[in-house]
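Here the structure is laid out as structure tokens; the discussion comes afterwards.
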Amino acid sequence: MDSAAKTLNRQSGVADELISSQSYDWITKKVYIAVDRVGTKKSGRIEACPIESNDGCTILLSNDFGMHSLVVDPTEG
């Protein structure tokens, strides 16, 4: 990857979603994003977004929980 500035595009379409945490895996070159949905029905999800392609983000986990922090450890899997 070159040192030029890059952008990560994701589309949620929901006004009550907040990115609560993010983490970078340098081995798979993906950004993992924790998304919280606030309001009457709280829910959360984890998305994996590749930074070296234009592929969209993939939802890895979606459930009725609140995300507070997200850590990846690529050396431990």
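The values are calculated or read from the model by the stated rules, or taken from the named source; none is laboratory data. Computed from a predicted structure; not experimentally measured. Ideal geometry is used to build each Cβ from the backbone, glycine not excepted, and the neighbour counts take in all protein chains shown.
Of all residues in the stretch 44-62, those satisfying the criterion of being part of a strand (DSSP E or B) and either surrounded by 13 or more Cβ atoms within 10 Å (Cβ to Cβ) or among the aliphatic types (A, V, I, L, M) (or both) are Gly44, Arg45, Ile46, Glu47, Ala48, Cys49, Pro50, Ile59, Leu60, Leu61, Ser62. For the stretch 25-36, a tally of residues being more than 13 Å from Leu70 (Cα to Cα) and under 13 Å from the mean Cα position of the chain (by Cα) returns 2.
Scanning the stretch 19-43 for residues that are at pLDDT below 90, assigned to a strand (DSSP E or B) and among the basic types (Lys, Arg) yields one hit, Arg37. Reported count of residues in the stretch 33-77, each being in contact with a Gly (Cβ under 9 Å, 6 or more places away or on another chain) and among the hydroxyl-bearing types (Ser, Thr, Tyr), is 2.
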